[in-house]
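The next block holds one structure in the form of structure tokens; read it before the comments.
Derivation of every value follows stated rules applied to the coordinates shown; laboratory data play no part. Computed from a prediction, not measured in an experiment: that's the story for all the values here. Glycine gets a Cβ as well: all are built from the backbone with ideal geometry, and neighbour counts include every protein chain shown.
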Amino acid sequence: MELHQLRHFLAVAETASFTKGAERAAVSQPALSASVAKLEAELGVKLFERDKRRVVITQAGKKLVETAKTVVNTCNKAKSELKDLQADQALRLGVISTLPMRHVAVLLEQFGYNSPDISVLLHDAPIEEIETLLSEGQIDVALTAISSHRGPNLAIKSRALYSEPYFVMVPSGHRLGVRRSIKLAELENEPFVARNHCEGRHDFANMLEEKGVRLRTVCRTNQDGRALAFVDAGLGIAYLPGKFASPGITAVPITDFHYERTIGVCWRSQAETPAMDRFVSFAETNNWHNGFVNKRFK
């Protein structure tokens with residue numbers, strides 16, 4: 001006895017017609033008739049009395065109807081639940097483009113090791129776009145900067161992961177690279193690599209204006225890799241979060257201006273899934289303060 005035979009049997013029983021039953025089951029009438037005949041042979045009973053004008057279900061057929069409905073409905077339910085489960089295991093992750101991608105890659109490698117049944121689709125974009133995608137439900141969860149200046153959004157939940165200060169990034173051989181700290185005034189007329197998508201750019205620019213400090217912008221880019229390449233080549237300085245420090249580039253703190261960002265994980269409160277819960281929990285337990293360590297968690 002096969003599931004499709006029970007479906008074909010029910011189609012005939014509910015329509016009292018092999019012609020209409022074939023239409024409902026989306027098969028040809030000969031195929032339907034053969035399927036029902038095979039089921040009758042297997043069970044050793046007649047399920048329908050047939051003549052040229054009508055099809056009448058037998059007592060044996062009537063007894064089979066409820067059992068067949070239970071079996072078919074149970075299979076349909078199981079299929080639907082498994083389909084929903086599979087959908088839950090796909091996670092659309094938004095990441096602001098100012099997070100070092102090498103760190104994000106290690107995080108996803110670690111998450112994939114611990115949750116191999118969850119596939120992650122990564123969307124990398126500026127913070128404004130990430131916020132829009134999240135609010136519109138085009139991504140499920142986001143690693144983004146959490147601002148205390150924004151008003152509360154009851155539709156979005158968030159958990160802070162870590163905070164990090166911004167530094168002036170200079171080439172290691174730069175005159176400021178040997179200093180433990182500097183003041184804003186010491187940046188006067190320095191060639192500057194501007195990052196268009198930087199979360200702290202407005203506060204930094206406002207403070208420079210307030211202090212009367214002018215920089216010479218030599219590059220504007222929305223790609224951190226290019227900004228760092230310019231700094232490493234000695235073409236200018238930049239203002240970046242501390243995690244962007246790398247060999248050949250020195251991070252120097254500013255004593256008379258401090259800016260830091262808080263990175264958190266955000267998601268829509270009405271769209272929680274098991275995959276999302278597992279990612280949020282994993283992100284919270286990651287060793288953010290000491291950087292990303294490429295190790296296996298069990």
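For the stretch 90-145, the convex hull drawn through the C-alpha positions has a volume of 65 cubic angstrom per residue.
Remark: for residue pairs K38/K69; K79/K157; K183/K243; K20/K77; K77/K157, the C-alpha separation exceeds 23 Å in K79/K157; K20/K77; K77/K157. Given Cβ point charges of +1 (Lys, Arg) and -1 (Asp, Glu) and nothing else, what value in debye, to the nearest 20, does the dipole of the chain about its Cα centre take? Around 880 debye, computed over the chain. Amide H contacts under 5 Å for F48: T58, restricted to partners 5 or more places along the chain or on a different chain, H placed in the peptide plane at 1.01 Å from N.
Residues considered: L122, L39, L91. Largest GNM mean-square fluctuation over the chain, using C-alpha springs under 10 Å, is found at L39.
Which of rounded, prolate, oblate describes the stretch 164-260, given a ≥ b ≥ c as roots of the alpha-carbon gyration tensor eigenvalues and a/c under 1.5 marking rounded, otherwise prolate only if a/b is larger than b/c?
Rounded.
Highest GNM mean-square fluctuation among G112, G94, G61, for the chain modelled with Cα contacts below 10 Å: G61. Quantify how much of the Cα-Cα distance distribution of the chain extends past 31 Å, in percent. It works out to 53 percent of all Cα pairs. Please identify, among A105, A238, A251, the residue showing maximal mean-square fluctuation in a Gaussian network model of the chain using a 10 angstrom Cα cutoff. Result for the chain, Cα springs under 10 Å: A105 fluctuates most.
The charge dipole of the stretch 3-87, taken about the Cα centre with unit charges on the Cβ atoms of Lys, Arg (+1) and Asp, Glu (-1), comes to about 220 debye, rounded to the nearest 20.
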